[in-house]
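Novice: Below is one structure. I have some questions about it.
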């Protein structure tokens, strides 16, 4: 491959972005045309504004009647209120509320179960997490057809609201999936 002489190339092929061009970018003819257009628009705007002022100069303002305070005012009579379309307004005035008696039955104590594991080690890890939250949990074992399960639970709670409060406390500390069951 032949060597190319990049230094000796002619400048006519490619213009350098670093050199200033010798031709001015705006011509005097273009500048003079823009000035003439702006001057014509300004003269027309001033002429239109002047014509508008000249046309409204001879108009008289409307005569307004001044009300004097010396004359006694008659009381204006208000129209009668409209007839009520709806009957419920009158019915609500005569309505009596019937009181019913009811009793809230307690469903019994509740427990909060947070996990069920196949190995005791997994249950103890969850029990330790719950202890770091500040709650005391227990582990119970249950034998079933598939083997032994270790359940981690809290309780008993006399009210379901107490169990809900601890459940929210645990979920805010990344101990999720706790369920509230009746104590059996």
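The values are calculated or read from the model by the stated rules, or taken from the named source; none is laboratory data. It should be emphasised that the depicted structure is a prediction, and the values quoted were computed from it without experimental measurement. Every residue, glycine among them, receives a Cβ derived from its backbone with ideal geometry; neighbour counts consider all protein chains shown.
Novice: Just checking, which of 84, 99 is over 30 Å from residue 165 (Cα atoms), modelled with pLDDT of 65 or more and in contact with a helix residue (DSSP H, G or I) (Cβ under 8 Å, 6 or more places away or on another chain)? Working first, answer last.
Specialist: Working: 99 fails: in contact with a helix residue (DSSP H, G or I) (Cβ under 8 Å, 6 or more places away or on another chain).
Exactly one residue qualifies, and that residue is 84.
Novice: Just for region 117-161: of the residues that are closer than 30 Å to residue 105 by Cβ and in contact (Cβ under 8 Å) with a residue 40 or more places away in the chain, which one is surrounded by the most Cβ atoms within 10 Å (Cβ to Cβ)?
Specialist: We begin by selecting, within region 117-161, every residue closer than 30 Å to residue 105 by Cβ; these are 135-138, 140, 142, 151-161.
Those left that are additionally in contact (Cβ under 8 Å) with a residue 40 or more places away in the chain: 153-160.
Details: 153: 21, 154: 23, 155: 18, 156: 14, 157: 18, 158: 13, 159: 11, 160: 16.
Per the criteria, the residue is 154.
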